[in-house]
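Each reported figure results from applying straightforward, stated rules to the coordinates on display, with no laboratory input. The model shown is predicted, which means the values in this text are computed figures rather than measured ones. Cβ: placed from backbone, ideal geometry, glycine included. Neighbour counts: every protein chain shown.
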Amino acid sequence: MLIAQISDTHILAPASDQPTAELRAECLRRAVADINGQKPDAVVFTGDTTQHGSPEEYALLRELLAPLAAPLYLVPGNRDDKDTLRVAFSDHPYLPGSGNFLHYAVEEHSVRLVAIDSTSPRERKGRFCARRQAWLDEVLSEQPERPTLLFIHHPPFDVGDHYVGGYRRPEEAAALADIVGRHPQVIGLLCGHVHWPVEIRWAGTEARIMPSIAVDVRKGIDETEAKGRPIYFLHRLLGAIAIVSDTRMVSDPTGKIGDSDLKCQAR
C-alpha cells in the first residue's frame with residue numbers, strides 16, 4: 001500500500017493581504033498534481049490545514065484538494081477549527097458529525113488507518129486525555145492482528161531542542177506511547193506540527209514527522225536544491241513488516257530541475 005502524506009499547509013484566504021497567501025496555495029496545488037502522478041492508495045493530511053480556521057480558508061483548501069484522485073483523510077491541527085472543518089468537508093463520511101474529537105478508523109484499505117485528534121480549542125500544544133486514551137485502546141483492541149497505521153498532528157515525543165514538551169501534560173504523551181507499545185500491529189505513526197522532517201523509532205514502531213508543504217515555514221530542509229519546491233512524504237507499507245518512507249520534492253515549475261526523492265532525516 002502506498003500512502004502520500006501532506007501537512008501544515010497553513011492556507012490563507014484569497015482576500016488575505018499577507019504576501020504568502022498565494023505562495024502557500026501554489027505549494028499545495030503543485031503537491032497535489034505531483035501526488036496524482038505517484039498514484040497512491042490514499043492521502044493523509046496531518047493537520048494545520050489552514051492558518052486561522054475561517055470558512056474562506058477552508059473553501060480555498062477544498063478547491064486546492066479537489067483534483068486529488070486518491071481518497072483523502074484529514075486530522076485537525078491546532079490551527080484548525082473543528083466545527084468549520086466539519087462543515088467544509090461534510091461529504092467526507094469518515095469524519096464524525098458531532099462530538100469533541102475528530103478521530104476515526106478507516107477500514108477500506110489493506111492497512112487499517114486510525115486518525116487521532118490531539119487538538120483542543122485555543123490550545124497550541126497536544127492533548128491526549130483519558131477519553132481519547134480509552135477510545136484508541138478500544139479501537140486497537142478490536143483488530144489486534146491487522147496492520148495499522150496511526151496519524152496525528154502533534155508528535156508525542158521531543159525532537160532535539162526544536163520541539164520539547166509538545167503536550168500540555170507530559171503524562172498524556174507517555175500514555176499514548178504506552179498504548180501503542182501494547183499493540184504490536186501498529187506499524188507506524190505519522191505526525192505534523194513541527195514542520196521538520198524526522199524519522200525515529202518510538203514506542204516499538206516507526207514514527208515520522210513531515211515538513212510543512214508551505215515552503216515559507218518549513219524547517220530542517222537543505223534549500224540548495226529544494227528552494228521553492230514543495231515537499232511531501234510517500235510511505236510504502238509492507239504489510240505487517242515495515243514502513244519505508246521517502247521525502248519527495250516536487251518539480252521545479254521552470255522545468256530546469258526534475259522531481260526527486262530524498263531520504264527522511266533520522267534524528
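What the table shows:
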| quantity | calculated |
| --- | --- |
| Per-region count, segment 89-111, residues surrounded by 20 or more Cβ atoms within 10 Å (Cβ to Cβ) and in contact (Cβ under 8 Å) with a residue 40 or more places away in the chain | 1 |
| Residue in segment 218-253 that is surrounded by the fewest Cβ atoms within 10 Å (Cβ to Cβ), counting only those that are of a type in the set (Gly, Ala, Ser) and closer than 26 Å to Thr148 by Cβ | Gly239 |
| Hits in segment 44-57 - residues which are closer than 22 Å to Phe151 by Cβ and either surrounded by 23 or more Cβ atoms within 10 Å (Cβ to Cβ) or without any contact (Cβ under 8 Å) to a residue 40 or more places away in the chain (or both) | Val44, Phe45, Thr46, Gly47, Asp48, Thr49, Thr50, Gly53, Glu57 |
| Subset of segment 206-217 (residues that are surrounded by fewer than 22 Cβ atoms within 10 Å (Cβ to Cβ) and over 30 Å from Gln185 (Cβ atoms)) | Val215, Asp216, Val217 |
| Which listed residue, of Arg62, Arg79, Arg86, is surrounded by 15 or more Cβ atoms within 10 Å (Cβ to Cβ) and either over 23 Å from Leu190 (Cα atoms) or more than 15 Å from the chain's Cα centre (by Cα) (or both) | Arg86 |
| Test: residue in segment 79-98 that is out of contact with any strand residue (DSSP E or B) (no Cβ under 8 Å at 6 or more places or on another chain) and under 18 Å from Val217 (Cα atoms) | no |
| In segment 187-225, the residues that are part of a helix (DSSP H, G or I) and without any contact (Cβ under 8 Å) to a residue 24 or more places away in the chain | Glu223, Thr224 |
